[in-house]
Amino acid sequence: MILLHQVENKFISDYDVFKKRPSDESLVDDILLRHENQFGQLPENFAADKGFYKSMEKIRELEDRIANVSIAKRGSRTAAEIEREHHPVFRQLQRFRTGIEGTISFLKRCLKMSRCLYRSFKT
């Protein structure tokens, strides 16, 4: 399992390799910490897929620290949550997020980054 961190202009700024697939929602704080350590500040925009959604309280906590947070909610939504997810900035960030799928496709097709057949990590 590989987690890619992508910044503007499709530049991969960081990555993580995991022995076992972690729960995405548990990775958000570490992603932001690593970004802050690398660039000296938190990002202005943070976009991720629904797997990274934990709760609306967590979204509000992130919004206190980051200008624009674009993580869609899983399940049913209230009118306020629907309005939040239809905001033009939210939708623009989700379109940016889907752009990493093209990067992943390129890595798999052209650079042969596919399933690793090794049985274990060397320790």
Residue that is surrounded by the fewest Cβ atoms within 10 Å (Cβ to Cβ), among those in the stretch 1-59 that are under 22 Å from M113 (Cα atoms) and of a type in the set (K, R): K20
Any residue that is assigned to a loop (DSSP other than H, G, I, E, B), free of Cβ contacts under 8 Å to residues at least 60 places away in the same chain and within 11 Å of the chain's Cα centre (by Cα) - is there at least one of those in the stretch 7-14? no
What pairs come up if the first residue lies in the stretch 19-35 and is under 13 Å from M1 (Cβ atoms), the second is in a helix (DSSP H, G or I), and their beta carbons are under 6 Å apart, counting only those six or more places apart or on different chains? D24/G51; D24/F52
Checked the stretch 90-117 for anything among the hydrophobic types (A, V, I, L, M, F, W, C), without any contact (Cβ under 8 Å) to a residue 40 or more places away in the chain and part of a helix (DSSP H, G or I); matches are F90, F106, L107
Expected single match for small (G, A, S) and over 29 Å from F106 (Cβ atoms) among A47, A80 is A80
Mind listing just one residue for me: the one in the stretch 35-60 that is at pLDDT below 95, part of a helix (DSSP H, G or I) and among the charged types (D, E, K, R) and, of those, nearest to the chain's Cα centre (by Cα)? K50
Note on the stretch 70-89: residues closer than 14 Å to A47 by Cα and either touching a Lys or Arg at 6+ places or on another chain (Cβ under 8 Å) or at pLDDT below 95 (or both) are S70, I71, A72, K73, R84, E85
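The values are calculated or read from the model by the stated rules, or taken from the named source; none is laboratory data. Please read these numbers as outputs of a predicted model, since none were measured by experiment. As a convention, Cβ positions derive from the backbone with ideal geometry for all residues, glycine included, and neighbour counts pool all protein chains shown.
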